[in-house]
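Rule-based calculations on the coordinates, nothing more; no lab input. Keep in mind that this is a model prediction, so the values were computed, not measured. Quick reminder, even Gly has a Cβ in these numbers, built from the backbone with ideal geometry, and neighbours come from all protein chains shown.
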Amino acid sequence: MVEADDAELIRRSIDDPEQFAGVFDRYVEQIHRYAARRLGVQAADDVVAETFLTAFRSRASYDHAQPLARPWLYGIATNLIARQRRDEERFLRALARTGAEPPPESMADAVIERVAAQAEDRRLAGALTGLASGDRDVLLLVALGELAYEEVAQALDIPIGTVRSRLHRARKQARATLGTGLHTREDA
């Protein structure tokens, strides 16, 4: 028996919502791994849940010409991660304006501390922080999500040329910051 592609499962899930479980089962671990590397495990759980809830709710508008839902799901997850970071930044700016006691250490701070525990990780985190958010998203989708350029373009809804230029710019800036080679499978 031939296994249905993602587009077919999503199409079937319109009438039989249980069919969407096949898409969930195929990608939940990949999306969780990507989100955990960006935000930490605890925050990743929430992002993954919201990613699949968003995907399920918008499944009727899925482009069935795309047999793989992977880029679509990574795009949703990347947008949710960005929204979470923007919300946290707004919250911290509001706290700074009020002069209130700082909150207990946030999950982001805990993740940064763990990452900063080793010198190379500290340097890498600094290099990533210095990248523009669009460049960082492209670099992390390629490096952590292991998406091909075409999948990144689809995930972020940008032209493939933009993916290439953002990745080139991110690599160049990271190399300058790290003072070492930063290679991906496309460099080889």
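Modelled spin-label separation between LEU178 and ARG85, with each label point placed 7 Å from Cα along the Cα-to-Cβ direction: 1.7 nm. Site pair TYR149 and SER58 shows an inter-label distance of 2.5 nm when each label is modelled 7 Å from Cα along Cα→Cβ. Summing charges over neighbours of ARG169, with a neighbour being any other residue whose Cβ is under 13 Å away from its Cβ, gives +4 when K and R count +1 and D and E count -1. With the highest mean first, a sort of the peptides 71-78, 36-43 on other beta-carbon atoms found within 10 angstrom per residue produces 71-78, 36-43. With the simple model of a label 7 Å out from the Cα in the direction of the Cβ, ASP16 to VAL41 spans 3.6 nm.
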